[in-house]
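A short reminder: the numbers here are calculations on the coordinates, not readings from a lab. Small disclaimer: the values here were computed from a predicted structure and weren't measured. Cβ coordinates were reconstructed from backbone atoms using ideal geometry, including for glycine residues, and neighbour counts include every protein chain displayed.
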Amino acid sequence: MHLLSSDDLSKEAINKIFSIADGIRTGTGMTSLREHSIMALYFEKPSTRTRMSLQVAMMQLGGDSIYIDPATSQRSRGETLEDTAKMMSSYCDFIAARMYKQSDIEKLAANSRVPVINALTDLEHPTQALADVYTIRNRKSSLKGARLAFIGDIAQNTANSLMLTAAKTGMQISLVGPKSYGPNHKYLNQAREYSEVFVTDSIEEGIEEADVIYTDTFVSMGEEAEADKRRALFAPYQLNQEAMQFAKETAIVMHPLPAHRGEEITADVLEGPRSVVWEQAKNKLLLNKAVVIYLSERE
């Protein structure tokens, strides 16, 4: 089994991964792999938390990892992705790939003999979404009926995976962004099969009933050429104290990091009492362990 998309996981699978994470956290469940396993980390894009959490996860589970930079591998000299996938999967037990195109990670998985984990592409970030929803689950009494408001760039990879994962767990979602810039309709329609998903250009309307207020960078990796245009487009959707006045007192603030203080979020909100950003980041390690164990049990 591969984890290439948040749509690869049913509600039952998500709950199973959360249960594994609970067991690891409390020390009552499986805390190591059955054998010394190796993960290949094939990363075309920069990474801090995702790379570190996967590497540390493998080490703490009794395995190891190998980082492969396409620029210093034979990929830079013309080796095909298919051949690279066949080679990596003959050496390693897992592959985690951070790639520019979702179609490329699907090609890599089609040529791999071992589980492939999507560590971010242009369309998805499923492991981030799992860590996010797990964090919400630990902060709120119930996921079912809780409302998540995603503000800003509502068509990027984290938004796609998060709304799909959240919807499958019974959460309601508000997507809050410019009227001229809508969400990815494929993921919107998929999420609406599981729960209610609202789209609005009004911050007040979008967050006034939200239990979770979530934002992310206005300029994702690969979009640097349009940075000024994107910052101007999303500037009215900055998560700041003025916006937070519309929120419930019990609402929590989330951001997957890296944060650009003064752009999508202000420092006082990011570091404020409602923020669970650092707990959210810490949970990436826990959930990546749970994902690895979950996939190992399905081999």
> Given the Cα-Cα distance of Asn15 and Ala110 and 0.36 nm per residue of separation, how much length would full extension add, in nm?
Replying inline: 31.6 nm
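Between Asn138 and Asn184, what length comes free when the chain is fully extended (0.36 nm per residue of separation minus the Cα-Cα distance, one decimal in nm)?
Working: separation 46, 0.36 × 46 = 16.56 nm, distance 2.84 nm.
That pair, Asn138 and Asn184, stretches by 13.7 nm at full extension.
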>> How far apart, in nanometres, would the label points at Ile38 and Arg298 be if each is projected 7 angstrom from Cα along the Cα-to-Cβ direction?
In response: 2.5 nm
> Just how large is the dipole of the chain about the Cα centre, in debye to the nearest 20, putting +1 at every Lys and Arg Cβ and -1 at every Asp and Glu Cβ?
Replying inline: 680 debye
>> Can you give the FRET efficiency to the nearest 0.05 for Thr28 and Lys86, using r as the Cβ-Cβ distance and R₀ = 41 Å?
In response: 0.60
> Which of the peptides 136-148, 45-57, 92-104 is most tightly packed, and how do the rest follow, going by the mean number of other Cβ atoms within 10 Å of each residue?
Replying inline: 92-104, 45-57, 136-148
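Can you give the extra length, in nm with one decimal, that the chain gains between Arg274 and Thr200 once fully stretched, where that is 0.36 nm per residue apart less the Cα-Cα distance? Please list the in-between numbers first.
On the way: separation 74, 0.36 × 74 = 26.64 nm, distance 2.33 nm.
So the extension gain works out to 24.3 nm.
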> So what are the three principal axis dimensions of region 128-276 from its Cα atoms, in whole Å, longest to shortest?
Replying inline: 39, 35, 26
>> Angle check, please: helix 126-139 long axis (alpha carbons) against the longest principal axis of the chain (alpha carbons), in degrees 0 to 90, nearest 10.
In response: 50 degrees
> For the chain, with the dipole built from +1 on Lys and Arg beta-carbon atoms and -1 on Asp and Glu ones, taken about the Cα centre, which of His36, Ser275, Asn288 lies farthest toward the positive end?
Replying inline: His36
> Hey, can you rank 165-176, 65-76, 6-17, 277-288 by average C-beta count inside 10 Å, highest first?
Replying inline: 165-176, 277-288, 6-17, 65-76
>> Going through the cross-link list Lys140/Lys179; Lys179/Lys248; Lys140/Lys284; Lys168/Lys248; Lys186/Lys289, which pairs have a Cα-Cα distance over 22 Å in this structure?
In response: Lys140/Lys179; Lys179/Lys248; Lys168/Lys248; Lys186/Lys289
> Could you state the principal axis extents of the C-alpha atoms in the chain, from the largest down, to the nearest angstrom?
Replying inline: 54, 47, 35
> What is the distance in Å between the Cα centres of region 156-215 and region 1-41?
Replying inline: 26 Å
> Where Lys and Arg each count +1 and Asp and Glu each count -1, what net charge lies around Ala259 among other residues with Cβ under 11 Å from its Cβ?
Replying inline: -3
>> For a quick check: with amide H placed at 1.01 Å from N, whose amide H comes under 5 Å from Gln172's, ignoring anything fewer than 5 positions away on the same chain?
In response: Gly145, Ala146, Arg147, Leu148
